[in-house]
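The values are calculated or read from the model by the stated rules, or taken from the named source; none is laboratory data. Because the structure is predicted, anything quoted here is derived from the model rather than measured. Cβ placement follows ideal geometry from the backbone for every residue including glycine, while neighbour counts extend to all protein chains displayed.
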């Protein structure tokens with residue numbers, strides 16, 4: 001079961017990173033996120 005949970009968590013992290021990476025710098029700024037913070041924000045989102 002841990003394997004399935006870990007895979008789902010990893011997939012959610014990758015989906016979040018991909019979605020945030022597609023946003024423009026202005027859109028990220030509106031959210032209060034810089035491009036360099038995307039990976040950290042995606043990790044916290046778990």
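Numbers for the structure displayed
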| quantity | calculated |
| --- | --- |
| Criterion: surrounded by 13 or more Cβ atoms within 10 Å (Cβ to Cβ), in a loop (DSSP other than H, G, I, E, B) and within 12 Å of the chain's Cα centre (by Cα) - qualifying residue of 33, 38 | 33 |
| Set 43, 26: member being exposed (fewer than 11 other Cβ atoms within 10 Å of the Cβ) and part of a helix (DSSP H, G or I) | 26 |
| Residues of region 1-23 that turn out to be part of a loop (DSSP other than H, G, I, E, B) and either surrounded by 12 or more Cβ atoms within 10 Å (Cβ to Cβ) or modelled with pLDDT of 95 or more (or both), as a count | 2 |
